[in-house]
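Working notes for the structure below.
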Amino acid sequence: MKTGFAAAGALVFAASVSPLAAQFMPQPSPVPIPPGVTPIARQKLHDPNAEQEASQIPTPGGLPDRRPARPAAARPSDADGSSVDAILAALYASVSHEAAGTPNWERMRGIFLQVGMLIPPKTPRSDMFTVLDVDMFEQRVRESTAAAKAKGEPTSFFEREIARRTDCYGNVCQVFSTYESRRATTDEKPFVRGINSIQLVNDGVRWWIASVAWDTERADNPIPAQYLPKEPVVVPPEYLKKN
């Protein structure tokens, strides 16, 4: 009996001492918790802003240029962006072409920003403006040219600037460029006139076209006199002799 009570007492004593002794026994090192994981359920944390931040446009630099890379020999010279005069001349030259030719799309891509926009006049049957990049503008011109050829209509196109109003500040310029369009350079009268509203930016090296929005002259939308060419000033010969 004594032995039974002694054994039982020893078990009770051991049961009471074990938790206390266990506090002083060496404990295994905790398993490190990876970043972004909850310490209890060990599940991945959900960051509601992560997806939005991942899709944000990186700055500086803006949107990446998604246009296909071209060989160095095919890249346009920076000369077209060397001045406001040069880039506007390049713009009009790039869209002009004979009936057997096409606009110079590579030259046009070389003067527009990679996200540069072209915004034609809104048609009466449309509720919204059409906003195009150079690739979309090229596709639109190709389709309209094909339709004109199918109807036997002329497809040559020559556009030139006849007046300009320019406002610049720092690295930005807004140009109101009045234009005339003809089917041949020898045509006495243009078949359409209008104004190109051109936004230019300078990256410290050269000028780029950010956007071109335009409207055409109509009976109810005449071009204001301040945007038309002014008569050349005739300087008296006697004044030239004095100066």
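Some notes on this structure:
- Sparsely packed loop sites in the stretch 108-214 (the GluC sites (Glu not before Pro) outside DSSP H, G, I, E and B with at most 16 other Cβ atoms within 10 Å) comprise GLU188.
- Selection from GLY101, ASN171, ALA219, by position along the positive dipole direction of the stretch 76-227 (Cβ): ALA219
- Positive contributions from Lys and Arg (+1) and negative ones from Asp and Glu (-1), summed over other residues with Cβ under 9 Å from the Cβ of VAL175, come out at +1.
- Its Cα centre serving as origin, the stretch 76-227 has a Cβ charge dipole (Lys and Arg +1, Asp and Glu -1) of approximately 320 debye.
- Spin-label model, SER144/ALA86: points 7 Å from Cα along the beta carbon direction are separated by 2.9 nm.
- Residue order, fewest to most surrounding Cβ atoms within 10 angstrom, among MET108, MET117, MET136: MET136, MET117, MET108
- The fewest-to-most ranking of SER181, SER197 by surrounding Cβ atoms within 10 Å reads SER197, SER181.
- Label-to-label distance, VAL205 versus MET136, with points set 7 angstrom from Cα along the beta-carbon direction: 2.8 nm.
- Spin-label pair LYS230-GLU98: with each label point 7 Å from Cα along the Cα-Cβ axis, the two points sit 3.9 nm from one another.
- Considering only alpha-carbon pairs that sit under 8 angstrom and 6 or more positions apart, the relative contact order computed for the stretch 79-134 is 24 percent.
- Highest average packing first - 79-87, 212-220, Cβ atoms within 10 Å: 79-87, 212-220
No lab work stands behind these numbers, since they all come straight from the coordinates. Predicted model only: the values in this text are computed from it and were never measured. Because the Cβ atoms are built from the backbone with ideal geometry, glycine has one as well, and the counts that use them run over all protein chains shown.
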